Amino acid sequence: MFDIGDLLFYGTNGVCRVSEICSSPFDSNDARQFYKLTPIAENSSLVIYTPVDNTQIIMRPLISKEEAEALVARIPEIERIAVAIEKHRKETYRETIREGNPEGYVKIIKTVRARREYFKRTRRRVPDLDNDFEHTARLCLYGELSTVLGISREEISQIVLEGISMEK
């Protein structure tokens, strides 16, 4: 259980602060306790209420500084996502995002970057599906890493892209 003031990772909203633990704001007959979460992303006025015992959306502690540094160091070795049947790409990306694993976000970013280069060579447009999932993966990954490492999202973006360019 998280306490008021704790930072946590919540679904595709990324890093959020627990601002309150309260009863249901929606149903006075609901006996469950709810977290009131506030995303820490810039310009976010969103407020999220989720049951404390929520199992539908990933809600986990942030990774440690050591885990973040280890992840950044491993970026060149992290494999891209291989999708044998193109019509399964959306579900593969969706499941990777749903897991809420920072390494999975790196996999999506690396996969889309490689696909973008391929489409550029073949003079074709990158599918919106790839762009949308890459955007979500970047928001989640950069938000968590910048919070844990205490550096800006722009610096994290540079670090990740440098790691990708060193791919083995």
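Do we have GLU95 as at pLDDT 95 or above, under 17 Å from ASN13 (Cα atoms), surrounded by fewer than 14 Cβ atoms within 10 Å (Cβ to Cβ) and of a type in the set (D, E, K, R) here?
On the way: at pLDDT 95 or above: yes; under 17 Å from ASN13 (Cα atoms): yes; surrounded by fewer than 14 Cβ atoms within 10 Å (Cβ to Cβ): yes; of a type in the set (D, E, K, R): yes.
So GLU95 passes the test.
Determine, yes or no, whether VAL126 is in contact (Cβ under 8 Å) with a residue 24 or more places away in the chain and out of contact with any Cys (no Cβ under 9 Å at 6 or more places or on another chain).
no
Condition first: farther than 13 Å from GLU69 by Cα, modelled with pLDDT of 95 or more and among the β-branched types (Val, Ile, Thr). Now tell me which residues in region 142-168 satisfy that.
Across region 142-168, there are no qualifying residues.
If GLU134 passes every condition in (1) modelled with pLDDT under 95; (2) in a helix (DSSP H, G or I); (3) not polar (S, T, N, Q) but one, which one does it miss?
Exception for GLU134: condition (1).
Residue-wise test of (1) part of a loop (DSSP other than H, G, I, E, B); (2) modelled with pLDDT of 95 or more.
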| site | (1), (2) |
| --- | --- |
| ASP3 | yes, yes |
| PHE9 | no, yes |
| VAL15 | no, yes |
| VAL18 | no, yes |
| PRO25 | yes, no |
| ALA31 | yes, no |
| SER45 | yes, no |
| GLU79 | yes, yes |
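Of these, ARG74, ARG80, which one is surrounded by 13 or more Cβ atoms within 10 Å (Cβ to Cβ) and under 19 Å from the mean Cα position of the chain (by Cα)?
Being surrounded by 13 or more Cβ atoms within 10 Å (Cβ to Cβ) and under 19 Å from the mean Cα position of the chain (by Cα) holds for just one of ARG74, ARG80, which is ARG80.
If VAL15 passes every condition in (1) in contact with a strand residue (DSSP E or B) (Cβ under 9 Å, 6 or more places away or on another chain); (2) surrounded by fewer than 12 Cβ atoms within 10 Å (Cβ to Cβ); (3) aliphatic (A, V, I, L, M) but one, which one does it miss?
That leaves (2) as the condition not met.
Working only within region 5-42, note down all residues that are under 25 Å from ARG153 (Cα atoms) and among the hydrophobic types (A, V, I, L, M, F, W, C).
If the condition is that a residue be under 25 Å from ARG153 (Cα atoms) and among the hydrophobic types (A, V, I, L, M, F, W, C), then LEU7, LEU8, PHE9, VAL15, CYS16, VAL18, LEU37, ILE40, ALA41 are the ones that fit.
The values are calculated or read from the model by the stated rules, or taken from the named source; none is laboratory data. All values derive from a computational prediction rather than experimental measurement. With ideal geometry, Cβ positions are generated from the backbone for all residues, glycine too; neighbour counts draw on all protein chains shown.
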